[in-house]
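Bear in mind that the values in this text are calculations on the coordinates, not laboratory data. Small disclaimer: the values here were computed from a predicted structure and weren't measured. Here the Cβ positions follow ideal geometry from the backbone for every residue, glycine too, while neighbour counts run over all protein chains shown.
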């Protein structure tokens, strides 16, 4: 039987307070995040990490000191390996914190698979996330035939999992407006051909199509803005304020996040919930991230099986129309 290695690619997050500043520096040093030439990128990354570290430490302190994203990703890897069955082994690689691509590559090499599948836990492709993670992996040069799942914004089971959770929330707050909240992207990146915003729209349209007549009023909005750049909009905060003025209850769906971390557990659950209360939103419900939802894991397994049967891919082709290899 062939041996197939699957590597789940995710962003990562600091495991404790000591890792906060190195995490920030690693992230802002990435040319996919700060598009400046060296040495200016490293200098600015150092300054941003130093300035933002105190605020970030407070955020992670609210989560017990660090991000739960590694544990969440490991749980997803365990569930996926069980779903795939014999012949598959699932690894994880984080972009900015341990385990980084180099460490995971050593584990994959020791496993000696005949086939490798790279599966980003970013359903919608962006140069700031998916491309960055895959670019780092490319540097490992393992020499193992690799297939890449570049994105899956409207994959059947991924959408079905969102629909199932949304229906649960609607049963608690019928008539509520749904906010599909995604991580923001600087507008200049979106306007430079990045498909992320269009793929967020694809995901929401697919959810609405499955919901059919049960789909309530809904809005796509964006959270987690940083700095003074113009970002994609509308902002989630603005939509919460608008709902408060109109006396509308809200159901918030983290449509671009498949793991719980600071943006969901602190920004959505604490900061935006507080904002909704201040703005007079009658009811505020946050739908949980997909995590290890059986439908989501089944969808990832289906993507892996499809990739295992496909030709090996070149790592840095542009993503076009949601193609399986980018």
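General observations
- Using a cutoff of 8 angstrom between alpha carbon atoms and counting only pairs six or more residues apart, the relative contact order for the chain works out to 22 percent.
- Scaled to the globular estimate 2.2 N^0.38 Å, the Cα spread of segment 146-200, given as radius of gyration, is 1.49.
- Counting 0.36 nm for each residue step from residue 139 to residue 201 and taking away their Cα separation leaves a gain of 19.1 nm.
- Over all orientations, segment 156-286 has a Cα convex hull whose mean projected area works out to 8.0 square nanometres.
- If a spin label sat at a point 7 angstrom from the Cα of residue 110 along the line to its beta carbon, the backbone N atoms of segment 1-37 nearer than 19 Å would be those of 3-8.
- DSSP beta bridges fully contained in segment 172-235 are about 10 percent antiparallel.
- Shape descriptor for segment 1-76: Rg over Rh equals 1.11 (Cα atoms; Rh from the Kirkwood inverse mean 1/r).
- Remark: the Cα gyration tensor places the chain in the oblate category, a/c being 1.5 or greater and a/b not exceeding b/c.
- Note on the chain: helix-only mean residue ellipticity at 222 nm, from DSSP H runs of 4+ residues weighted -39500 (n - 2.57) and normalised by residue number, equals -13500 deg cm²/dmol.
- Antiparallel DSSP beta bridges within segment 156-286, as percent of all bridges there, nearest 5: 5
- Taking segment 12-162 and dividing mean pair separation by its residue count, relative contact order in percent (alpha carbons under 8 Å, at least six apart): 22
- Computed over segment 17-61, the quotient of the alpha carbon radius of gyration and 2.2 N^0.38 Å is 1.13.
- Inter-label distance for residue 38 and residue 278, nm, one decimal - labels placed 7 Å from Cα along Cα-to-Cβ: 4.3
- FRET efficiency, residue 3 to residue 100 (Cβ-Cβ, R0 25 Å, nearest 0.05): 0.60
- In whole angstrom, segment 235-295 maps to an equivalent ellipsoid with semi-axes of 23, 11, 9, each derived as √(5λ) from the alpha carbon gyration tensor and ordered largest first.
- Fraction of the pair-distance distribution of segment 1-145 above 23 Å, Cα-Cα pairs, percent: 41
- Antiparallel bridge percentage (DSSP; both residues within the chain; nearest 5): 5
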